[in-house]
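Some notes on the structure that comes next.
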Protein chains: 2
Amino acid sequence: MTTITPEQATARTPAALAEAHQALLAEAARAVTSRAAFSGFAGREPSGPRGEDAAAQFAAILGRPLDLGDHVGTSTLQIDEVSPWTRLPLGVSYPRADAPLLVERALHARTSWRRLTVPERTGLCLEMIERLFAANPVLGLAAMHTTGQGRGMSLSGSGTNALDRGLEAIAAAWQVLGRVPTTATWEQSFGTELVALEKTYRIVPLGPALVVACASFPAWNVYPAVFANLMTGNPVIVKPHPSSVLQMALAVQILRETLVEFGCDADVVQLAVDSAIEPITSELATHPQMRIVDFTGSARYGAWIEEHARQARVYTETSGLNAVVLDSFDDTAGTLRAIAGAVSLFSAQMCTAPQNIYIPQSGVTTPEGNMSAAELEQGIVDAVEAILESPRRAAAVLGTIQAERTIDEISALTATLRSRARVLSEPRDWPAPGYPDARTSTPLIAGVCATDDDLFAQECFGPVVFLIRVPDARSALRHAVENASRHGAITAFLYSTNDDLVDAAEEGFAAAGASLTTNLTGAMPINFSAAFSDFHVSGLNPAGTATLTDDSFVTGRFRVVQSRRPLRSVRN
Amino acid sequence: MTTITPEQATARTPAALAEAHQALLAEAARAVTSRAAFSGFAGREPSGPRGEDAAAQFAAILGRPLDLGDHVGTSTLQIDEVSPWTRLPLGVSYPRADAPLLVERALHARTSWRRLTVPERTGLCLEMIERLFAANPVLGLAAMHTTGQGRGMSLSGSGTNALDRGLEAIAAAWQVLGRVPTTATWEQSFGTELVALEKTYRIVPLGPALVVACASFPAWNVYPAVFANLMTGNPVIVKPHPSSVLQMALAVQILRETLVEFGCDADVVQLAVDSAIEPITSELATHPQMRIVDFTGSARYGAWIEEHARQARVYTETSGLNAVVLDSFDDTAGTLRAIAGAVSLFSAQMCTAPQNIYIPQSGVTTPEGNMSAAELEQGIVDAVEAILESPRRAAAVLGTIQAERTIDEISALTATLRSRARVLSEPRDWPAPGYPDARTSTPLIAGVCATDDDLFAQECFGPVVFLIRVPDARSALRHAVENASRHGAITAFLYSTNDDLVDAAEEGFAAAGASLTTNLTGAMPINFSAAFSDFHVSGLNPAGTATLTDDSFVTGRFRVVQSRRPLRSVRN
């Protein structure tokens, strides 16, 4: 595992930073190529304040304007950020600037940023990500009290794992950029004349880039998008969700401080804040000079941006109908635990959480014999209840519900389902230890028919699970693949001991663009997506176009322009 | 240089083809990476009929339906193809099928094509391109009598050089695809449990692809697009311009024969033909299942496709205002010859041809002293006339005018310019030896003011040259860069002995996305674009988005979808 070297501690130029961090970069690049297991951050101790010190630093941030240096702002906006754990307002205010002003600053910053060499930008990006990691305990508290994630997830999923996705993007961009030579000598005979040219290839960024974050898991998509943009020479404007600003604002603060320290224009990274009443995202996304937009959020708004931000290259991650197809188990209890864990993790406020579980009418085969459809449904309900038995465990696994609106929507859906389906588990709040006011909910679990697709053929954000009765596993697979193609899906899950069915599922979900996890039980959450190894979002269905991290996530952010002149002209 | 080996002659499976052609692929891939000079075809003798034999084979093709095997077609369409050299109709007819039928066949063909391995598809593509090269003399005659190019250019620019751009795309795609591992083993501890997963990564093509060709130079953009699509698993529908079908139809014939010979579905490559009265391109481009469109043609129709083919990834090459900035020469005669050659080559019916030449009011400095603006203008006119002096040379350099419409437009423009500008050289036809009816025109050369930008700030297709008076070279550069950004440009040219100006031009045109050639004189046409070395079209200005060939030309045509399952689960 990489540790700070004396070179790193003393590197004072961008070029020296690249040298200082080259071991981490080399390891990350190897992992991007092999897609074997790697983390640049898990298992390392962050060098910044931890435990009580981090808590004290975090407390000192609350209730006042955040210092973003000379960040442009015509007013100060106090955002309506409320901790889902305490229901107390965070009280942090941020500089508020109009879209044209932010774009103007970004354009100004672009000039110097694109003049840096690729190694210089790489060095700065690696330094930035190391500083984000150093501040992980403080950033984690900000994640916890905005997204509502449990403490553990806020340090890992929103911390080390998100940083790994950022590092993956740096390494992938470094590889892509490294494939374009900076110069070439070219010699060819034309008749009796040997023409020799000296050619220069320049990396030219597209322009200012906008990164729009979601409320429940901002870091995971923001870090890759920001670093892919910075590496390819584009200044970035980070636009967090108005109810979940603080973690990304602190990240922007760290990035700007790093830029200034190494003699760069701080406005290479800016923060855009708004409120639900006076939104700014649409204006930013459709600004004529905004050339790249990364968007994470609802399918509806994502589609609006794709429709209207025609001047920009748009990368999206929206939502999908992640499905579980059940056929036959070789470990009944383990399978039920795995499914229960996936629908409970962060109360299914994750883009990888399954929503639609297909139950074959005749049940499934298990080592203990046939398990009927009713037994299977009850088994899933019981496995979810088992997690809830310990409030400590529940708090760690389910976390809280980020938005009050989600509670309202689940409540309304429950009312609908009571008359149209079998509600197998009603949503209820549960007591989070130490946080009596925490906004919590157990999953709503409902049994429905395959024909009820007006209910389940759309994403119901949050802890909602449909157990869908189907004739058999084959029809479940057809149904799930069809819905993934039509409505979008990021992940899919299959439990089957039938090799033919597994093969058919791999082919089917591949064509539909959903990544498939088969027969996974045990300690790893089945919907865990590993940086450097798991490609996340395929671009083949409506769930989004931004794949973390393939070459296409990088190549669209810059272009190559060449120039050439005679090297010498030799007449034979 | 690669020659046919015994392995190649006997390779009977796609996998064996990959082996047989691996030396050519390796050389091409090395050139893509180094961007040094390379050709897979120049200097080799094609193995198919040449000279009189090729002419006889070509003559036998004319005046009858082209045999495309069992290509779908509900009727036979005789296209209005007329040779610009002889003004005689070619009389070839082609199968005509509606868009839905073509798309249905493409979808059907996709299933088996995407199941091939990357090496298998690579082997087939290399075999296809070798067969196109073997038929180069016949394909060249088809190019000559549809595009109106001279015999030499039809064999090189529309032949070996276009094939090299196709080979470049094969090699670039092979590299991009090769970076995605097919499998990975992943091991990570979760608590006390070691989780080990086996991961599979599948290349999934986007879907049917449409390649729309222009009338004057179809092969150059069709070959790269077709091979980038085929390599990444996409079936292709080639849609030539209705006045210039034959060369691409013969290419499709060769590709389909190769597919059938190696047990593949011929409909992996289809031909779409239409007429000016009943066009089919818009319906094909906006078909809901058409997922990739490569378009070469007018800026207006390109913009229409970008606006309406929202379901597809669109790659364009349209048109631009290629400029020449003149400041100071170290070889006066050579510079004037170079400029005259570029505006004369194929009568400027090339996307790289310069249109706007900036003339500093105070003239330019030369080794012979100051050359006044008027002398410079006359020098350019005289250098063009020098090419026309020998009809043989004129025929080789200027070729003919592809479309009667171009003649009409130049005639109308001349009338306008007579009253608004100084017409320095009126367009006139010239006698092409051996082709008394050839459609020819000398370049229209007009002197204008910088304020006449309603005249020159748009592409005037064909042999039209504006000599634009500007205060000085610096203002010429600003003007040219601004026009490139705003209206699009593929190339730019500078003649200057001032290093500061050269640096400023490199920076300026790079930001505007036009590739710059500085101080080039001699045997190589200054607007020659070398496969493997010169990036063609930047994507940074309105002249297009398809760069031949960078990674982004390949990465948007496929996605990666993964699946994973437990390898084993070891409890420590």
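The values are calculated or read from the model by the stated rules, or taken from the named source; none is laboratory data. What you are looking at is a predicted structure, and each value in this text was computed from that prediction instead of being measured. Every residue, glycine as well, gets a Cβ built from its backbone with ideal geometry; the counts of neighbours run over all protein chains shown.
As a summary of the residue check, A:Ala16 satisfies the conditions (1) in the same structural domain as A:Gly178 (by TED's automatic domain parsing); (2) touching a residue at least 60 places away in the same chain (Cβ under 8 Å); (3) farther than 23 Å from A:Asn136 by Cβ; (4) assigned to a helix (DSSP H, G or I) except for the one numbered (1). For the condition under 26 Å from A:Leu77 (Cα atoms) and touching a residue at least 24 places away in the same chain (Cβ under 8 Å), A:Leu336 does not qualify. For region B:238-295, the set of residues classified as without any contact (Cβ under 8 Å) to a residue 40 or more places away in the chain, assigned to a helix (DSSP H, G or I) and not aliphatic (A, V, I, L, M) consists of B:Glu261, B:Ser282, listed by residue number.
Sort through B:Asp437, B:Asp408, B:Asp429 and tell me the only one that's surrounded by fewer than 18 Cβ atoms within 10 Å (Cβ to Cβ) and in a helix (DSSP H, G or I).
Answer to the check: B:Asp408.
Is it true that A:Phe58 is more than 27 Å from A:Leu177 (Cβ to Cβ), aromatic (Phe, Trp, Tyr) and either in contact with a Lys or Arg (Cβ under 6 Å, 6 or more places away or on another chain) or in contact (Cβ under 8 Å) with a residue 60 or more places away in the chain (or both)? Yes. Looking only at region B:521-536, residues that are under 16 Å from B:Ala342 (Cβ atoms), hydrophobic (A, V, I, L, M, F, W, C) and at the interface with chain A (Cβ under 8 Å from one of its Cβ atoms) come to 3 in all. Among residues of region A:60-102 being out of contact with any strand residue (DSSP E or B) (no Cβ under 6 Å at 6 or more places or on another chain) and among the basic types (Lys, Arg), the one that is nearest to A:Ala285 (Cα to Cα) is A:Arg64.
All told, B:Gly297 meets the bar of being out of contact with any helix residue (DSSP H, G or I) (no Cβ under 8 Å at 6 or more places or on another chain) and either under 30 Å from B:Gln355 (Cα atoms) or acidic (Asp, Glu) (or both). Selection of region B:200-217 for residues being within 8 Å of chain A (Cβ to nearest Cβ) and in contact with a Pro (Cβ under 8 Å, 6 or more places away or on another chain) yields only B:Tyr201.
Taking the listed residues B:Gly539, B:Gly508, the one that is among the small types (Gly, Ala, Ser) and facing chain A (nearest Cβ under 7 Å) is B:Gly539, with no other qualifying.
Conditions (1) among the aliphatic types (A, V, I, L, M); (2) closer than 26 Å to B:Gly334 by Cα; (3) out of contact with any strand residue (DSSP E or B) (no Cβ under 6 Å at 6 or more places or on another chain), marked per residue:
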position: B:Glu377; (1), (2), (3): no, yes, no
position: B:Ile407; (1), (2), (3): yes, no, yes
position: B:Ala412; (1), (2), (3): yes, no, yes
position: B:Ala415; (1), (2), (3): yes, no, yes
position: B:Thr442; (1), (2), (3): no, yes, yes
position: B:Ile445; (1), (2), (3): yes, yes, no
position: B:Asp452; (1), (2), (3): no, no, yes
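How many of the residues making up region A:175-199 are over 26 Å from A:Thr122 (Cα atoms), more than 8 Å from every other protein chain (Cβ to nearest Cβ) and among the aliphatic types (A, V, I, L, M)? Adding up the residues that qualify gives 2. Being in the same structural domain as B:Thr555 (by TED's automatic domain parsing), farther than 16 Å from B:Leu139 by Cα, in contact with a Gly (Cβ under 8 Å, 6 or more places away or on another chain) and among the aromatic types (Phe, Trp, Tyr): is that true of B:Phe190 here? In short, yes. Among residues of region B:303-318 being outside any helix (DSSP H, G or I) and small (Gly, Ala, Ser), the one that is nearest to B:Ala215 (Cα to Cα) is B:Ala309. For region B:542-565, a tally of residues being more than 7 Å from every other protein chain (Cβ to nearest Cβ) and not aromatic (Phe, Trp, Tyr) returns 9.
The single condition among (1) over 18 Å from the mean Cα position of the chain (by Cα); (2) in contact (Cβ under 8 Å) with a residue 60 or more places away in the chain that A:Asn527 does not meet is (1).
Residue by residue, here is whether (1) surrounded by fewer than 23 Cβ atoms within 10 Å (Cβ to Cβ); (2) among the basic types (Lys, Arg); (3) modelled with pLDDT under 95 holds:
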site: A:Ala511; (1), (2), (3): yes, no, no
site: A:Pro525; (1), (2), (3): yes, no, no
site: A:His536; (1), (2), (3): no, no, no
site: A:Leu567; (1), (2), (3): yes, no, yes
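On the basis of being at pLDDT 95 or above, in contact with a Pro (Cβ under 6 Å, 6 or more places away or on another chain), assigned by TED's automatic domain parsing to the domain that holds B:Pro433 and crowded, with 18+ Cβ neighbours inside 10 Å, does B:Ala348 make the cut? Yes; evaluated as a whole, the condition is true for this residue. For B:Ala386, state whether it is touching a Gly at 6+ places or on another chain (Cβ under 7 Å), surrounded by fewer than 20 Cβ atoms within 10 Å (Cβ to Cβ) and assigned to a helix (DSSP H, G or I). Here the answer is no, as B:Ala386 does not meet what is asked. When the residues of region B:544-559 are filtered to those that are part of a loop (DSSP other than H, G, I, E, B) and touching an Asp or Glu at 6+ places or on another chain (Cβ under 7 Å), the one that is nearest to A:Pro205 (Cα to Cα) is B:Ala546.
Once region A:70-90 is narrowed to residues that are among the β-branched types (Val, Ile, Thr) and in a strand (DSSP E or B), the residue that is farthest from A:Arg405 (Cα to Cα) is A:Thr76. Before we move on, is B:Ala219 small (Gly, Ala, Ser), touching a residue at least 40 places away in the same chain (Cβ under 8 Å) and farther than 29 Å from A:Arg30 by Cα? So B:Ala219 passes the test. One residue alone among A:Leu540, A:Leu494, A:Leu520 is crowded, with 24+ Cβ neighbours inside 10 Å and assigned to a loop (DSSP other than H, G, I, E, B), and that residue is A:Leu540. Screening B:Asp330 with (1) closer than 27 Å to B:Leu516 by Cα; (2) crowded, with 24+ Cβ neighbours inside 10 Å; (3) over 20 Å from the mean Cα position of the chain (by Cα) gives one miss only, at (2). Here is a check on your reading of the model: is B:Arg151 more than 10 Å from chain A (Cβ to nearest Cβ), surrounded by fewer than 24 Cβ atoms within 10 Å (Cβ to Cβ) and not β-branched (Val, Ile, Thr)? Yes: the conditions hold for B:Arg151. Any residue in region B:94-117 that's over 17 Å from B:Met231 (Cα atoms): show its pairings with residues that are loosely packed, with under 14 Cβ neighbours inside 10 Å and among the hydrophobic types (A, V, I, L, M, F, W, C) at Cβ separation under 6 Å, as long as the two are six or more apart or on different chains. Listed by first residue and then by second, the contacts come to nothing, as the list is empty.
Of the residues making up region A:26-53, those that are more than 12 Å from chain B (Cβ to nearest Cβ), small (Gly, Ala, Ser) and either in a loop (DSSP other than H, G, I, E, B) or buried (at least 20 other Cβ atoms within 10 Å of the Cβ) (or both) number 4.
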